[in-house]
Amino acid sequence: MKTITYMIDAELGEVMSRVGSEVAIPVLDFEGMTPDNGYAMTYNLEKFSVFELRHYNRLIHTRKIPISIKNKHRKFWGMKLLS
């Protein structure tokens with residue numbers, strides 16, 4: 001059974017999640033920013049080793065994350081979505 005832990009970067013406001021020794025971090029999709037979409041910024045979750053985390057001291061562990069964001073992370077990790 002997987003256990004998911006949520007963290008917020010206190011400086012940037014990014015929501016990250018951790019499962020085991022891996023972390024899902026939102027990464028800006030620069031290639032997806034085009035004149036056609038008004039240079040809209042979209043983020044995709046990417047998997048990193050927990051040892052690659054920088055600025056660990058500014059991460060706040062919390063459960064108080066909107067369900068829609070939790071479900072994006074749960075889908076990324078292959079977990080059942082919350083209702």
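Structure values in brief
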{"item": "Top-ranked residue of the range 16-51 - restricted to ones that are surrounded by 10 or more Cβ atoms within 10 Å (Cβ to Cβ) and in a helix (DSSP H, G or I), ranked as nearest to the chain's Cα centre (by Cα)", "result": "Val50"}
{"item": "Residue count for the range 30-82, restricted to those that are free of Cβ contacts under 8 Å to residues at least 40 places away in the same chain and touching a Leu at 6+ places or on another chain (Cβ under 9 Å)", "result": "9"}
{"item": "From the options Ile25, Ile8, Ile4, residue that is touching a residue at least 60 places away in the same chain (Cβ under 8 Å) and within 21 Å of Arg74 (Cβ to Cβ)", "result": "Ile4"}
{"item": "Check on Glu46, among the acidic types (Asp, Glu) and at pLDDT 95 or above", "result": "yes"}
{"item": "Hits in the range 16-55 - residues which are within 18 Å of Lys2 (Cα to Cα) and polar (S, T, N, Q)", "result": "Ser17, Ser21, Ser49"}
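The values are calculated or read from the model by the stated rules, or taken from the named source; none is laboratory data. Nothing here was measured: the structure is a model prediction, and the numbers come from that model. Glycine also receives a Cβ, built like all others from the backbone with ideal geometry; neighbour counts cover every protein chain displayed.
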